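Asks: The structure follows.
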There are 2 protein chains.
Amino acid sequence: MRLAALLSATAIALTLPLAAPAAAQAPDLQAINGIIDQGFNHSEVMQNAAWLTDRIGGRMTNSPQMREAEAWAQQRFRDYGLTNVRADPFEFGRGWSIVRSSARMTTPRPLDLRAIPIAWTPGTNGVVSAPIVVAPMSTAGDFARWRGQLSGKIVLITTPNEGSEPTEPAFRRLTDEDLAGRTAYNQPTHSHSNTDRLREADFASRLDAFLQEEGAVAFVRMSQRDGGLLHGTGSGYRMDDQRRTPGFEIAAEDYRRLARLARTDAAPALELMSEVRFHEEDINANNILADIPGTSRSGEYVMAGAHLDSWAASDGAVDNAAGSVVVMEAARILRSLGVRPKRTIRFALWNGEEQGLWGSLAYVDKYLATRAPLGDEQLDALPNNRTWRARWPIQPRAGHGDLVAYFNMDNGSGRIRGINAEGNVAAAAVMADWFKPFESLGASTISLRTSGSTDHVYMQTVGVPGFQFIQDPLDYGARLHHTSIDSYDHLRADDLRQAAVIMAAILLTAANSDEPLPRMPLPTRPNPTDPFAAGN
Amino acid sequence: MRLAALLSATAIALTLPLAAPAAAQAPDLQAINGIIDQGFNHSEVMQNAAWLTDRIGGRMTNSPQMREAEAWAQQRFRDYGLTNVRADPFEFGRGWSIVRSSARMTTPRPLDLRAIPIAWTPGTNGVVSAPIVVAPMSTAGDFARWRGQLSGKIVLITTPNEGSEPTEPAFRRLTDEDLAGRTAYNQPTHSHSNTDRLREADFASRLDAFLQEEGAVAFVRMSQRDGGLLHGTGSGYRMDDQRRTPGFEIAAEDYRRLARLARTDAAPALELMSEVRFHEEDINANNILADIPGTSRSGEYVMAGAHLDSWAASDGAVDNAAGSVVVMEAARILRSLGVRPKRTIRFALWNGEEQGLWGSLAYVDKYLATRAPLGDEQLDALPNNRTWRARWPIQPRAGHGDLVAYFNMDNGSGRIRGINAEGNVAAAAVMADWFKPFESLGASTISLRTSGSTDHVYMQTVGVPGFQFIQDPLDYGARLHHTSIDSYDHLRADDLRQAAVIMAAILLTAANSDEPLPRMPLPTRPNPTDPFAAGN
């Protein structure tokens, strides 16, 4: 109730001039003039994007492409004159990369299909030919129905859906009305923590074991998007959790055709081929870090970050070369102006984001705070991100207070429209002043919303102010996110230049403010929303 | 001036109840009840569509798939009890079909590309590997610039464009406002006829010759649509006009990446493979015709048609299995009701439409009217459709007056919203009555518009009333027309059932009306719009 009252008051306050809170300090507008000049007139954001996407390509964690990107990004930071440029390793697992692949229908007629190997599944060792069976399986409870029917078959595991009627524009920008509708805080819901489900292997692993037992040749899933788009996302990178069955994602139109033909007497059969590589010579992945050293308060730092890794279906352009090159450009802009901020400004290019925010979690765990073990041998042996939120209390590390604010960019190529303040009303009030110079650039919405699924999340879990910018969605969700067309073409130069200007300015303002940005209290174990629900 | 005044009056008249003209006759509403019952409750439209698309697949004229479709459609008409079911041959050229193909970038990094062989280009005879050169050529005037630079190269001939921001919905239906805006006649513009350009071989043929002289390995063009969609349309089916250079269309995103890399030191190289078949054992293509015989006026007939052929990038579902199965379903509905119309009702599935309306032109030329030769040996040896409009006068054949009305469907899967009356105000007035029972099905717009690029066009050129229905566009133009996702998934059962009901009803009404539908005067050589412009 207290929170709701607070929020209601804040929602009003944010549409009015805010009374200057203790921590506020007016942005240095003369410095921002320099940032605007550098960022709009001398930008290198698209040159860097072209290298990262066209030249290096998709950057699966621990693949050769990602190793190349790690080295290139460090060199770029050094070129720009940053200090303490470094690769900060964490354990991830093996890399995986595609050499080539193909899929064809051979019966009832010859037809090339659009397909991509599923990440971390093994290659087919040449062309394999087999009839298909449509055997939808999405939980282990589905296995029994298909036992004894899969031997020698290519198994189609998805229940085909109806397809889409795309009645909304694929590409759009946020209107004033959209932005006004985005300011509401999403109040957290807490359930009883139940660690039982953590003991189960995940479905992909259990499916693989079942398919091996049954003697399936390969499995195929349907793309979740229409229009011939592919994704190829998958798991199985941990050295103790590996796949043995080749897997393919097939375009929705091609998959549905197969599923329909399988219901006739056509007896569809496929030829599948995938040649892939596993990379086990180094199972550590690297976050790339680089600094502009602080002066009077150099023990504290502000940080901007974006994940440099991607999936492999295309070149990882809007997810997330976009954010990566904006971070690099913010660094370039500030270095080119020779700023000497009070606090250190750190730039982070995270790794292993796509598989569960591994890089940013590793950073949090190493430098900011860890969490107590569960005291259960099996559970405490699980990967860190599976149990993280269930472990209490939080144990702050020595550096917990040093990170004053973190700003993340991971929503594609769209320009910055403001920031999500994650329920931190005190920080929201301060940031409203920081964003004021960018009102005419369309970037002054301070929302109390939380946002998820990217690299500020684990900072929030330990009470460090980590925020994600609000961006215009463009066609990120509609057709680009993780898809086979996420290439340089779909980046928007004007938007990325604007984002870099704002990121550089906010970093500089945060680094120079008299007071550190207000924090939320250190999280402690929450009370479940319904204390009477079943749980342990 | 006289025409404009007439049209203006008509545009008003069409929004008001029309005075019944001489030829009008109220539709037989009891018969239409039967049609509605059959068409909405006992439809076979989707079963037929599934066979034509999933089972048979893309139907390139004179390919084995199209031969199969020709045989299947005849059998289906026979199953439905039609009479005089026949394949009506015309000379076309050789067939072409894809067995398999692939395209990969090998330098600077390995990457599978989305590609399709261009129709009627030869296969690569195994995998060919070569560096690329970006050499934009769209007219023969461009050849000089690239002479001497293409030997041993894969030649990218398209100037890459900027890509799209799809800010409009891909899928849409016509609003009342849209429909109101579609009623205006598009007044014809006539230029001086200039037959000089007919003497030139077309660009595809000249490009092929140039690439052969230069020793190019293959050529590549860019898809005209974003989003990884492919088309693969091409020419070169005539026995005297064949291609010798393998050609590929590559997805826009993949093509643009190549073009950008070619401007760096990356020296991109490709591996291309296409295995295709030419089919020369029979160079005739077949229109499929089937009748419901007339009674008291059986010498006259009304006809509905759609083209059965398609391109090969997918299964030719919305272009134009949709129209084909609606024509077949209209036949089924009318036969199942045992109608005995005054005039014969004919159903036509055209062939060779995609290469220039060959099938319907052959029908016109054979049964309705021909045109005088130009009296120039070279020009008169050209394919019929290249010179047709330049030849005067029209010479009606004995059957010219027998075809009372022709109704075409070739705009995808969208429901019928009315009809384009092609400037025939007398027929428009009659058809307004015919469509009245379908007002609540959204199908009562009578537009004076002309429509082009499909099989009623050549009937219009000889003064026979040939009309195309107005249909909801859905995502036909935005993403399906000729593309790699034109498959069964994107057909809409409700829409196709509605279309079949309306087609059947309009055919029956036209077949039973007391007077034949009013005609335009027999076309004679038009006066050029600007009599002072240069011309011969």
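Asks: How far, in nm, would the chain grow between A:Tyr367 and A:Asp79 when pulled straight, counting 0.36 nm per residue and subtracting the alpha carbon separation? Could the numbers behind the result be given before it?
Replies: On the way: separation 288, 0.36 × 288 = 103.68 nm, distance 2.66 nm.
Stretched out fully, the A:Tyr367 to A:Asp79 stretch lengthens by 101.0 nm.
Asks: Among A:His400, A:Leu374, A:Ala427, whose Cα projects farthest towards the positive end of the dipole of region A:369-452, with charges put on the beta-carbon of Lys, Arg (+1) and Asp, Glu (-1)?
Replies: A:Ala427
Asks: Shielding by partners for B:227-235, please: the mean number of other protein chain Cβ atoms within 10 Å of each residue's Cβ.
Replies: Numbers: counts 12, 12, 3, 2, 0, 0, 0, 0, 0.
The mean count of partner-chain Cβ atoms within 10 Å per residue comes to 3.
Asks: Here's a follow-up. In a shell of Cβ-Cβ distance under 12 Å around A:Arg104, excluding A:Arg104 itself, what net charge do Lys and Arg (+1) and Asp and Glu (-1) give? The partial results should precede the final answer.
Replies: Details: positive: A:Arg109, A:Arg114, B:Arg100; negative: A:Asp112, A:Asp254, A:Glu271, B:Glu275.
Taking every other residue near A:Arg104 into account, the sum is -1.
Asks: So, counting K/R as plus one and D/E as minus one, what does the shell of residues with Cβ under 11 Å around A:Thr158 add up to?
Replies: For residues surrounding A:Thr158, the net value is +1.
Asks: Return the distance in nm (one decimal) between the two label points of a simple spin-label model at A:Asn125 and A:Arg277, each offset 7 Å from Cα along Cα→Cβ.
Replies: 2.1 nm
Asks: Still on this structure, I have one more. Tilt of helix B:493-512 relative to the longest C-alpha principal axis of chain B, in degrees (0 to 90, nearest 10)?
Replies: 50 degrees
Asks: Now for a separate question. Name the shape class, rounded, prolate or oblate, that the alpha-carbon gyration tensor gives for chain B, where a ≥ b ≥ c are the square roots of its eigenvalues, rounded holds for a/c under 1.5, and otherwise prolate holds if a/b is larger than b/c and oblate otherwise. Kindly include the intermediate steps, with their values, before the conclusion.
Replies: On the way: a/c = 1.83, a/b = 1.60, b/c = 1.15.
Verdict is prolate for chain B.
Asks: Can you send over the solvent-accessible area of A:Asp282, 1.4 Å probe, protein chains only, in Å² to the nearest 10?
Replies: For A:Asp282, solvent-accessible area is about 60 Å².
Asks: At 7 Å along the Cα-to-beta-carbon direction for both B:Thr139 and A:Asn33, put a label point, then send me their distance in nm to one decimal.
Replies: 5.1 nm
Asks: Suppose we keep just the DSSP beta bridges with both residues in chain A; what percent of those would be antiparallel, to 5?
Replies: Values: 41 of 69 bridges.
Around 60 percent antiparallel, to the nearest 5.
Asks: Please work out the FRET efficiency for the pair A:Arg386 and B:Asn194, using the Cβ-Cβ distance as r and a Förster radius of 56 Å; give the result to the nearest 0.05.
Replies: 0.15
Asks: While we're looking at this one, here's another question. Could you work out, residue by residue across B:250-258, how many beta carbons of other chains sit within 10 Å of that residue's beta carbon, and then give the average as an integer?
Replies: Numbers: counts 0, 4, 3, 10, 5, 1, 4, 10, 1.
Whole-number average of other-chain Cβ neighbours for B:250-258 is 4.
Asks: Mind jotting down the distance between the C-alpha centroids of region A:244-303 and region B:352-379, whole Å?
Replies: 54 Å
Asks: Any idea what angle helix A:425-435 forms with the longest principal axis of chain A, computed on alpha-carbon atoms, 0 to 90 degrees, nearest 10?
Replies: Between helix and principal axis, roughly 80 degrees.
Asks: Using the beta-carbon distance between B:Phe203 and B:Met46 and R0 = 41 Å, what value does 1/(1 + (r/R0)^6) give for FRET efficiency, to the nearest 0.05?
Replies: 0.55
Asks: If I take the Cα coordinates of region A:42-181 and project them onto the principal axes, what are the three extents in Å, biggest first?
Replies: 62, 47, 35
Asks: When the distances between all Cα atoms of the protein assembly as shown are binned every 20 Å from zero, what whole-number percent does each bin get?
Replies: 12, 36, 32, 18, 3, 0
Asks: Follow-up. If ligands, DNA and RNA are left out, what is the accessible area of B:Glu439 with a 1.4 Å probe, given in Å² to the nearest 10?
Replies: The accessible area comes out at roughly 110 Å².
Asks: Using Cα positions and a limit of under 30 Å, work out the lysines in reach of B:Lys366, with same-chain residues fewer than 8 apart set aside.
Replies: B:Lys342
Asks: Then there's this: Where does region B:386-504 land on Rg/Rh, using Cα atoms and the Kirkwood Rh? Please report the intermediate quantities before stating the final value.
Replies: Values: Rg = 15.9 Å, Rh = 15.7 Å.
Rg/Rh for region B:386-504 comes to 1.01.
Asks: Can you list the copy-to-copy distances for A:Gly141, using a point 7 angstrom from Cα toward Cβ, in nanometres, shortest first?
Replies: 7.0
Asks: May I ask you to order A:395-405, B:227-237 by the average number of other C-beta atoms within 10 Å around their residues, highest value first? Don't jump to the answer; show the numbers that get you there.
Replies: On the way: A:395-405: 17.2, B:227-237: 23.2.
Ranking, from highest mean packing down: B:227-237, A:395-405.
Asks: Would you mind getting the accessible area per residue of chain B, heavy atoms of the protein chains only, 1.4 Å probe, in Å²? Kindly include the intermediate steps, with their values, before the conclusion.
Replies: Values: 20320 Å² over 536 residues.
Normalised by residue count, the accessible surface of chain B is 38 Å².
Asks: With a ≥ b ≥ c the root eigenvalues of the C-alpha gyration tensor of region B:313-411, is it rounded (a/c under 1.5), prolate (a/b larger than b/c) or oblate?
Replies: Oblate, since a/c reaches 1.5 and b/c is not below a/b.
Asks: Relative contact order for chain A: what percent, with Cα pairs under 8 Å and sequence separation of 6 or more? Before the final figure, lay out each step's value.
Replies: Values: 1181 pairs, mean separation 126.5, N = 536.
It comes to 24 percent, rounded to a whole number.
Asks: Let me ask something additional. ³J(HN,Hα) across region A:171-180 via Karplus (A = 6.51, B = -1.76, C = 1.60, θ = phi - 60°), whole Hz, x for Gly/Pro?
Replies: With the stated coefficients, region A:171-180 comes to 10, 8, 10, 6, 7, 4, 5, 4, 5, 4 Hz.
Asks: So, counting K/R as plus one and D/E as minus one, what does the shell of residues with Cβ under 12 Å around B:Arg94 add up to?
Replies: Working: positive: B:Arg238, B:Arg243, B:Arg277; negative: B:Glu91, B:Asp240, B:Asp241, B:Glu280, B:Glu281, B:Asp282.
After counting each charged neighbour, the total is -3.
Asks: Still on this structure, please answer the following. What 222 nm value per residue comes from the helices of chain A, counting each DSSP H run with n ≥ 4 as -39,500 (n - 2.57) and dividing by all residues, nearest 500 deg cm²/dmol? Before the final figure, lay out the partial values.
Replies: Values: 15 runs with 143 residues, N = 536.
Helix contribution divided over all residues of chain A: -7500 deg cm²/dmol.
Asks: Roughly what angle does helix B:322-336 make with the longest principal axis of chain B, taking Cα atoms, 0 to 90 degrees, to the nearest 10?
Replies: The angle comes out at about 30 degrees.
Asks: Using the alpha-carbon centroid of each, what span in Å lies between region A:470-505 and region B:197-211?
Replies: Rounded to whole Å, the Cα centres lie 42 Å apart.
Asks: Which value, in debye to the nearest 20, describes the size of the charge dipole of chain A about its Cα centre when Lys and Arg Cβ atoms bear +1, Asp and Glu Cβ atoms bear -1, and nothing else is charged?
Replies: On the way: 53 positive and 62 negative charges, 69 e Å.
Dipole size: approximately 340 debye.
Asks: Compute the Cα gyration tensor for region B:156-230, then decide on rounded, prolate or oblate, letting a ≥ b ≥ c be the square roots of its eigenvalues: rounded whenever a/c is under 1.5, prolate when a/b is larger than b/c in the other cases, and oblate in all that remain.
Replies: Working: a/c = 4.33, a/b = 1.38, b/c = 3.13.
In terms of gyration-tensor shape, oblate.
Asks: Would you kindly work out, in nm and rounded to one decimal, the distances from the label point of B:Met520 to those of the same position in each other copy, ordered shortest first, with label points 7 Å along Cα-to-Cβ?
Replies: The projected label point of B:Met520 is separated from its counterparts by 7.0 nm.
The values are calculated or read from the model by the stated rules, or taken from the named source; none is laboratory data. A quick note: this is a predicted structure, and the numbers were derived from the prediction, not measured. With ideal geometry, Cβ positions are generated from the backbone for all residues, glycine too; neighbour counts draw on all protein chains shown. Side chains are part of the model used for accessible areas, which takes the heavy atoms of the whole protein and leaves out ligands, DNA and RNA. Shrake-Rupley method; radii C 1.70, N 1.55, O 1.52, S 1.80 Å.
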